[in-house]
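**Q** Here you go, one structure.
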Amino acid sequence: MPSAAKNKANGYHHGDLRAALIDAAMVIVEKDGASALSLRGVAKAIEVSPAAPYHHFKDKQKLMAAIVEAGLKKFNQALETAANEADCPHKQLRDLGAAYVVFAAENPKLFELIQTPDFAGSTAPEGLVAERSKNFNILFETIRVCMPSASERQLRTACAAAWGLVHGIAVLAIDQRLNAVLPHEDLGRTTTELIEQINFAKAIGSGFQ
C-alpha cells in the first residue's frame with residue numbers, strides 16, 4: 001500500500017510542488033549546506049520522481065536562486081516584524097540589528113547562502129532582486145527617519161556602518177566566538193546591549209535627530 005507521504009507527493013499540483021521543492025531544499029541547505037543540494041536529493045526528500053523538479057527548475061542554479069529569494073523573504077519578514085514592534089525610530093534601528101543577528105544565528109547556512117553575490121547580478125530573477133532591494137530599503141528607510149537632514153551619501157554611509165556592525169556581531173555569533181567572550185542565553189538581548197554599548201548614534205554618524 002502506498003504511504004501517506006507518497007500519496008501526498010503524487011497529489012501535488014504544479015504550484016504546490018514548486019513550493020514543496022523549495023521548502024525541502026531549504027531544509028537540506030540548513031542541515032548540510034548548499035554543497036549538499038541536488039535536484040535528485042530534493043525530489044527524494046518529498047518522495048517525487050527524480051524528473052519532477054525539472055518541471056520547475058532546469059538546473060541546480062535555478063533552484064538555488066529560488067532558495068535565496070525565499071530565504072531573503074523570510075529574513076525581511078523577521079526584520080519588518082522587529083521594526084514594527086518598536087515605538088520610535090531609534091529603537092527600530094536597534095531592534096533591526098538584534099533581529100538581523102538572531103536570524104543569522106538561527107539560520108546560519110541559509111544566512112550564508114543569501115549573502116552570496118552569485119545571485120545579485122542582472123540575470124537574477126525579478127523576485128530575488130526585489131527581495132534583496134527590500135532588504136536594504138528596510139534599513140535605509142529606518143535610518144532616513146533617524147537622520148532627516150542627511151544627504152543621500154550620508155544616509156548610505158550610515159547604512160554601511162550599521163550593516164557592518166551587526167553583520168560582524170552575526171558572524172561572531174554563528175562562529176560561537178561571541179559566546180566565548182560574552183556568555184549569553186538571549187542573543188537578541190545581548191545584541192541590543194552591544195549596540196547600545198557602542199552607541200549607534202556615534203557608530204553611524206552625528207546626524208541623528
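Values quoted throughout were computed directly from the atomic coordinates according to the rules given, and no laboratory measurement underlies them. Since the structure is predicted, the reported quantities are computational estimates derived from the model, not experimental observations. Cβ atoms come from the backbone with ideal geometry, glycine included; neighbour counts cover every protein chain shown.
**Q** Taking only DSSP H segments of four or more residues, each worth -39500 (n - 2.57), what value at 222 nm results for the chain once the sum is divided by all its residues, to the nearest 500 deg cm²/dmol?
**A** Taking each H run of at least 4 residues, the total per residue is -23000 deg cm²/dmol.
**Q** Please label the shape of segment 143-182 as rounded, prolate or oblate, based on the square roots a ≥ b ≥ c of the eigenvalues of the alpha-carbon gyration tensor (a/c under 1.5 means rounded; beyond that, a/b larger than b/c means prolate, else oblate).
**A** Taking the square roots of the gyration eigenvalues as a ≥ b ≥ c, segment 143-182 is prolate.
**Q** Once the convex hull of the alpha carbons of the chain is built, what does its volume come to per residue, in cubic angstrom?
**A** Dividing the Cα hull volume of the chain by its residue count gives 143 Å³.
**Q** Please compute the net charge surrounding residue 171, taking Lys and Arg as +1 and Asp and Glu as -1 over other residues with Cβ under 15 Å from its Cβ.
**A** Computed value for this residue: -1.
**Q** ³J(HN,Hα) across segment 78-95 via Karplus (A = 6.51, B = -1.76, C = 1.60, θ = phi - 60°), whole Hz, x for Gly/Pro?
**A** Running phi through 6.51 cos²θ - 1.76 cosθ + 1.60 with θ = phi - 60° gives 5, 5, 5, 4, 4, 5, 5, 8, 7, 9, 7, x, 5, 5, 4, 5, 4, 6 Hz.
**Q** Per residue of segment 18-28, in order, report the coupling 6.51 cos²θ - 1.76 cosθ + 1.60 (Karplus, θ = phi - 60°) as ³J(HN,Hα) in whole Hz, putting x for Gly and Pro.
**A** These are the phi-based 3J(HN,Hα) values: 4, 5, 5, 5, 5, 4, 5, 5, 5, 5, 4 Hz.
**Q** Could you give me the radius of gyration and the Dmax of segment 90-139, taking only the C-alpha atoms into account and expressing both in angstrom?
**A** 12.4, 37
**Q** Still on this model: On a 0 to 90 degree scale, rounded to 10, what angle separates helix 187-198 from the longest Cα axis of the chain?
**A** It is inclined by approximately 30 degrees.
**Q** For segment 33-44, just list the computed ³J(HN,Hα) in residue order, Karplus coefficients 6.51, -1.76 and 1.60, θ = phi - 60°, integers in Hz, with x standing in for Gly and Pro.
**A** For segment 33-44, the Karplus curve yields x, 5, 5, 8, 7, 8, 5, 5, x, 5, 4, 5 Hz.
**Q** Can you put 18, 153, 94 in order of Cβ neighbours within 10 angstrom, beginning with the fewest?
**A** Lowest to highest Cβ neighbour count: 153, 18, 94.
**Q** Using Cα centres only, tell me the gap between segment 70-86 and segment 134-187 in whole Å.
**A** The two parts, judged by their Cα centres, are 14 Å apart.
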